[in-house]
Each structure stands twice: as structure tokens, then as C-alpha cells.
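Visitor: Structure incoming, see below.
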Amino acid sequence: QVQLVESGGGLVQAGGSLRLGCAASVRTNSYYVMGWFRQAPGKGREFVAVISWSGQNTDYADSVKGRFTVSRDNAKNTAYLQMTSLTPEDTAVYYCAAGLSWATMRRGTADYWGQGTRVTVSS
């Protein structure tokens with residue numbers, strides 16, 4: 001069983017930056033692909049970013065490419081999502097996820113989910 005706890009959400013002005021963290025309760029670097037998703041008010045959950053277990057491979061949704069950076073520190077069992085140039089359209093609850101498959105993670109399926117952290121971007 002893997003428990004994921006997100007942190008770092010909050011209120012930020014448009015154009016600002018935030019860094020989200022996702023701490024895992026167990027060592028994840030040996031197996032798990034880590035992903036970030038978000039759910040805006042009144043909308044479904046959408047893929048944001050994914051990173052391989054080694055950290056060498058990443059992928060992003062088109063809407064965040066060039067603004068968001070996903071990373072991980074396996075020594076700390078933690079994944080990160082650095083968000084810059086934020087806009088009100090980035091307002092959502094952000095979730096991290098862990099899974100064994102890059103492909104299924106990319107499609108929105110994961111073995112474990114965090115509880116989410118809220119990000120609000122004011123205009």
C-alpha cells in the first residue's frame with residue numbers, strides 16, 4: 001500500500017508560481033511512475049504531467065508545456081510539480097498518483113492517489 005500526500009497548494013496571483021510536493025509513504029523509485037492530475041470546478045479530472053521511475057522521461061499536457069516541470073527525488077520519496085506563469089485557468093485541485101504503467105498513467109489510471117491540494121489563481 002502506498003500513501004501519497006500532496007502539499008504546496010494555495011492562492012497565487014496570475015503570473016505567479018507554486019511548487020507542489022507529493023510525499024510517498026514507501027519507497028517508490030523502484031517501481032512507480034508518478035503522475036499529476038487536476039480537476040477544475042465543474043470539470044472532469046485531467047492529466048497534467050508524468051515522470052518515469054528514473055526521472056529521465058517526462059510528458060506533459062499541451063496546456064502546461066513550457067510552464068510546468070515535473071521532477072522527483074527518490075531519496076526523499078517525493079515528486080514535485082513546479083508551476084510557473086500561472087493563469088486563472090490553472091485553478092483546480094491537483095492530485096498526485098503512483099502506478100506501475102506509463103501508458104495507463106498517461107490515460108488517467110493509477111494504482112494510488114493522493115487526497116489533492118487546491119490551487120487558486122486570481123486574475
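Visitor: Rounded to the nearest 10 Å², what accessible area does Thr69 have for a 1.4 Å probe in the complete protein model?
Guide: Counting only protein heavy atoms, the figure is 70 Å².
Visitor: How much of the accessible area of region 1-102, in percent, comes from carbon and sulfur atoms when a 1.4 Å probe is used?
Guide: Numbers: 2310 of 5000 Å².
Carbon with sulfur: 46 percent of the solvent-accessible area.
Visitor: Ok, one more. Need the full-extension length gain, Thr69 to Ser52, defined as separation in residues times 0.36 nm minus the C-alpha distance. One decimal, nm. Please list the in-between numbers first.
Guide: On the way: separation 17, 0.36 × 17 = 6.12 nm, distance 1.32 nm.
Length gained, Thr69 through Ser52: 4.8 nm.
Visitor: Quickly estimate the mean residue ellipticity at 222 nm for the chain, helices only: each DSSP H run with n ≥ 4 gives -39500 (n - 2.57), and the total goes over all residues, rounded to 500. Could the numbers behind the result be given before it?
Guide: Values: 1 runs with 5 residues, N = 123.
Counting only the DSSP helices, I get -1000 deg cm²/dmol.
Visitor: Could I ask something else about it? Treating only the Cβ atoms of Lys and Arg (+1) and Asp and Glu (-1) as charged, compute the dipole magnitude of the chain about its Cα centre; round to the nearest 20 debye. Walk me through the numbers on the way to the answer.
Guide: On the way: 12 positive and 8 negative charges, 15 e Å.
In total the dipole reaches around 80 debye.
Visitor: So, one more: Find the centroid of the Cα atoms in region 79-123 and in region 1-69, then give the distance between the two in whole Å.
Guide: 4
Visitor: Something else: Solvent-accessible area per residue for region 27-123 at a 1.4 Å probe radius, Å²?
Guide: Values: 4840 Å² over 97 residues.
It amounts to 50 Å² per residue over region 27-123.
Visitor: How much of the DSSP beta bridge set in the chain is antiparallel, as a percent to the nearest 5? Present the calculation step by step, with values, prior to reporting the outcome.
Guide: On the way: 37 of 41 bridges.
Here the share of antiparallel DSSP bridges comes out near 90 percent.
Visitor: Taking each pair of distinct Cα atoms in the chain once, what is the resulting Kirkwood hydrodynamic radius in Å?
Guide: Values: mean 1/r = 0.0711 Å⁻¹.
Evaluated on the chain, it is 14.1 Å.
Visitor: Kindly rank 57-68, 14-25 from highest to lowest mean number of other beta carbons found within 10 Å of each residue. It would help to have the intermediate numbers written out before the result.
Guide: On the way: 57-68: 14.4, 14-25: 16.9.
Ranking, from highest mean packing down: 14-25, 57-68.
Visitor: Report Ser122's accessible area, 1.4 Å probe, all protein chains in place, as a number in Å² to the nearest 10.
Guide: Accessible surface of Ser122 is approximately 40 Å².
The values are calculated or read from the model by the stated rules, or taken from the named source; none is laboratory data. What you see is a predicted model; the values in this text were computed from it and never measured. Because the Cβ atoms are built from the backbone with ideal geometry, glycine has one as well, and the counts that use them run over all protein chains shown. Side chains are part of the model used for accessible areas, which takes the heavy atoms of the whole protein and leaves out ligands, DNA and RNA. Shrake-Rupley method; radii C 1.70, N 1.55, O 1.52, S 1.80 Å.
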